[in-house]
Amino acid sequence: MTILPITLCAAAAAAAINIWLSIRIGMIRTSRKISIGDGGDPDLVCRMRAQANFVENTPIVLVLVAAIELARTGNPFLLGAAGLYMLGRIGHGVGMDGGPLGFLRGVGTLITMLTQLGLGVWAVSIALDM
């Protein structure tokens, strides 16, 4: 029996998204010959911030998912929340490039905040129920 399958899937998705965000940074670094730092390039700064923002938010989401899964094993809503969070982070990453899909930055940010809030409230409600 696998322990914490939702958390495992969420962590795997997070790893894939982090790699994707890193590759997007590397593409700009390579094309603009910027090895270290941001070189003052606004596109590189945006992509670096997209990854940094991902790294800033994802650990707390994974901790909340794991804690809730331990307390409420097999809840399909938890899988949905984790999946929604990951989609929001992809949207945020794409949106940080601006252009016609720039609106996805705000959508991704909103999804991130609402998911964290929802998971936090859920975790507290479980703790108070015990």
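Going through the range 78-113 one residue at a time, which ones are polar (S, T, N, Q) and either surrounded by 19 or more Cβ atoms within 10 Å (Cβ to Cβ) or in contact with an Asp or Glu (Cβ under 8 Å, 6 or more places away or on another chain) (or both)? Full working, then the answer.
Residues of the range 78-113 that are polar (S, T, N, Q), as a first pass: 109, 112.
The one that is polar (S, T, N, Q) and either surrounded by 19 or more Cβ atoms within 10 Å (Cβ to Cβ) or in contact with an Asp or Glu (Cβ under 8 Å, 6 or more places away or on another chain) (or both): T112.
For the list (1) over 17 Å from the mean Cα position of the chain (by Cα); (2) in contact (Cβ under 8 Å) with a residue 24 or more places away in the chain, I need the number of the one condition that P76 fails.
With (1) over 17 Å from the mean Cα position of the chain (by Cα); (2) in contact (Cβ under 8 Å) with a residue 24 or more places away in the chain applied to P76, the lone miss is (2).
Can you pull out every residue in the range 82-97 that is in a helix (DSSP H, G or I) and either under 13 Å from A13 (Cα atoms) or of a type in the set (D, E) (or both)?
Correct list: A82, G83, L84, Y85, M86, L87, G88, R89, I90.
Of everything in the range 81-100 that's touching a helix residue (DSSP H, G or I) at 6+ places or on another chain (Cβ under 9 Å) and free of Cβ contacts under 8 Å to residues at least 24 places away in the same chain, which residue is nearest to L21 (Cα to Cα)?
V94
Just to be sure I understand the filter: pairs with C-beta atoms under 7 Å, separated by 6 or more residues or on different chains, first member in the range 38-59 and at positive phi, second member in a helix (DSSP H, G or I). Which pairs pass?
Pairs found: G39/R32.
Are any residues in the range 1-24 over 19 Å from A82 (Cβ atoms) and either buried (at least 18 other Cβ atoms within 10 Å of the Cβ) or without any contact (Cβ under 8 Å) to a residue 24 or more places away in the chain (or both), and if so, which ones? Can you show your working first?
Here is the first cut: in the range 1-24, the residues over 19 Å from A82 (Cβ atoms) are 1, 22-24.
Selection gives M1, I23, R24.
Could you count how many residues in the range 75-105 are of a type in the set (G, A, S) and closer than 15 Å to N57 by Cβ?
Of the residues in that region, 6 qualify.
What's the number of the only condition in (1) closer than 22 Å to L87 by Cα; (2) over 16 Å from the mean Cα position of the chain (by Cα) that S35 fails to meet?
(1)
Applying the selection to the range 26-54, what residues are under 15 Å from G108 (Cα atoms) and either hydrophobic (A, V, I, L, M, F, W, C) or crowded, with 18+ Cβ neighbours inside 10 Å (or both)?
Of everything in the range 26-54, those that are under 15 Å from G108 (Cα atoms) and either hydrophobic (A, V, I, L, M, F, W, C) or crowded, with 18+ Cβ neighbours inside 10 Å (or both) turn out to be C46, R47, A50, Q51, A52, N53, F54.
Could you tell me whether the range 34-52 includes any residue that is hydroxyl-bearing (S, T, Y) and farther than 26 Å from T115 by Cα?
For the range 34-52, residues hydroxyl-bearing (S, T, Y) and farther than 26 Å from T115 by Cα: present.
Here's the yes/no breakdown for (1) in contact with a Ser or Thr (Cβ under 8 Å, 6 or more places away or on another chain); (2) more than 22 Å from G102 (Cβ to Cβ); (3) not in a helix (DSSP H, G or I):
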position: I25; (1), (2), (3): no, no, no
position: T30; (1), (2), (3): no, yes, no
position: D38; (1), (2), (3): no, no, yes
position: V45; (1), (2), (3): no, no, no
position: M48; (1), (2), (3): no, no, no
position: Q51; (1), (2), (3): yes, no, no
position: L64; (1), (2), (3): no, yes, no
position: G74; (1), (2), (3): no, yes, yes
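Bear in mind that the values in this text are calculations on the coordinates, not laboratory data. For clarity, every value in this text was computed on a predicted model and none was experimentally measured. For neighbour counting, all protein chains shown are included, and Cβ atoms are generated from backbone atoms with ideal geometry for every residue, glycine included.
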